[in-house]
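The values are calculated or read from the model by the stated rules, or taken from the named source; none is laboratory data. Predicted model, so just to flag it, every value in this text is computed and none were measured. SASA here: full protein model, heavy atoms, side chains in, ligands and nucleic acids out. Shrake-Rupley method; radii C 1.70, N 1.55, O 1.52, S 1.80 Å.
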Amino acid sequence: MDIDPLEMVADPADDKGEDAATPAQKSRRLNAAVAVTVALLATFMGICKIKDDNIVQAMQQAQADKIDHWSFYQARNVRQEVAEATLTQLKLQQAGQPAGAQAAYAEPIARYEALVKDQAQKKDELRKQAVADQATYDALNYRDDQFDLCDALLAIAISMLAVSSLTQLLWLYLLSLFPAACGVLMGVAGLAGLHVHPDRLTALLS
């Protein structure tokens, strides 16, 4: 069997065709990866946005409740002070009266003593409710910070992904996965109520 020497020589045109197709294939793969990643991140951002909006509404309600409770607390405090002043005045007047006339002061004194005690009790209840409202607000604000960081990190990741698609830089795509992963972590923490909160970064940005 004779061997044709021409068959042993590779066709340069074929090599050029394969070399030319490789960058195009890489570009398509990178663009597809970018598109899928952006779609997933955008979907996750939408879900987190809905939850964050609900948390912001709950924060506003907690803040309003706290203001109302402190306002009622001040009103109760004024009533208590007025009742105490009146009670003191009645006791002084009673002490200056003859023994036979002092009995007439017993009923109003008892009434004002009960009023002072009632206002003090209701005032303390309002104080506890206001403190609970502040605790609720702080807990919701903790989760709101998580969603804010999630939104910022995912926005950075999507921007890097867009640039990586334009420049066709694979290393930039891989680098964008870091803020994307951190953003997803913060979003999951906010959704699940996990205690993941970079306090220093939050304090710097707030």
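Nonpolar atom fraction for the chain, defined as the carbon and sulfur part of the 1.4 Å probe accessible area, stands at 63 percent.
Take Leu166: with every protein chain present and a 1.4 Å probe, its accessible area is about 150 Å². Treating the Cα atoms of the chain as identical point scatterers in vacuum, please give the log10 of the normalised Debye intensity I(q)/I(0) at q = 0.11, 0.12, 0.13 Å⁻¹, two decimals. For the chain, the Cα-only Debye profile gives -0.76, -0.81, -0.87. Per residue, the chain exposes 66 Å² of accessible surface when a 1.4 Å probe is rolled over the protein heavy atoms with every protein chain present.
What number do you get for segment 39-151 when its Cα radius of gyration is normalised by 2.2 N^0.38 Å, N = residues? Let's see the in-between values first.
Values: Rg = 25.0 Å, N = 113, 2.2 N^0.38 = 13.3 Å.
So the Cα radius of gyration is 1.89 times the expected 2.2 N^0.38 Å.
Taking the longest Cα principal axis of the chain as reference, the axis of helix 12-95 is set at about 0 degrees.
Relative to the longest principal axis of the C-alpha atoms of the chain, give the angle of the C-alpha long axis of helix 106-167, reported between 0 and 90° and rounded to the nearest 10°. Around 10 degrees separate the two axes. Relative to the dominant Cα principal axis of the chain, helix 170-192 is inclined by about 30°.
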